[in-house]
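Here's the structure, in structure tokens; my notes come after.
Read-outs: derived from the displayed coordinates by stated rules, not from any lab. Because the structure is predicted, anything quoted here is derived from the model rather than measured. Methodologically, a virtual Cβ is constructed for each residue, glycine included, from the backbone with ideal geometry; neighbour enumeration extends over all protein chains shown.
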Amino acid sequence: AFRKARKARVFLPRLVASMEVEETYIMIKPDGVQRGLVGEIISRFEKKGFKLTGLKLFQCPTELAQEHYKDLQSKPFFPKLISYITSGPVVCMAWEGVGVVTSARKLIGATNPLNAEPGTIRGDLAVQTGRNVVHGSDSPENGKREIALWFKEGELCEWTPVQEPWVKE
Ligand code: ADP
């Protein structure tokens, strides 16, 4: 089936979760902050066992929002997206762990919260695509790019959580 799919150029999701230590940029959007969901959202990544390496409350300037979402600049909703992201403080986070990029996307759930599974952040806590409370990088490359974009040097911490041997074999 795999060979057939490749021949037909059918997209197959990664079957095996990545075993690489990766970094991802997670951001609680202004609606998540305004609705008092900061603790709840951080808690989900903490409980999973990932390592927090950067954290700040931040009022995002327009130019940064435009740079972050530059791949979407031709979309009709782009102006609305930029005013949403700059409408109040966001919580910027860098998280590290084995397979963290894909895993965080699963914890977050589908872009449209009405399609997001119960148990995911968007599935449990949001209703509309334009108010979907959280962002997560979609690839390890974008994880690195976005962490570099949102954090200055000296704002990230290298540390070893005491729980590490109880999370990793
Ligand atoms: P995701 O955040 O799940 O990776 P996308 O990269 O497709 O999703 O879009 C980035 C963000 O742009 C979404 O999280 C959402 O806030 C916003 N967005 C996407 N599509 C729409 C839409 N049709 N209408 C309004 N906002 C949208």
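Some notes on this structure:
- Assigned charges on the beta-carbon of Lys, Arg, Asp, Glu; the chain dipole about Cα centre (debye): 920
- Working from Cα pairs under 8 Å separated by at least six residues, relative contact order for the stretch 11-169 is 34 percent.
- Sequence ranges 99-109, 135-145, ranked by mean other-Cβ count within 10 angstrom, highest first: 99-109, 135-145
- Global form of the stretch 12-107, assessed from the alpha-carbon gyration tensor, a/c cut-off 1.5: oblate
- For the stretch 1-160, the residue among V98, V16, M27 whose Cα projects farthest onto the positive side of the dipole built from Cβ charges is V16.
- Positive-end residue, the chain charge dipole about Cα centroid, Cβ charges, pick of G39, L114, H135: L114
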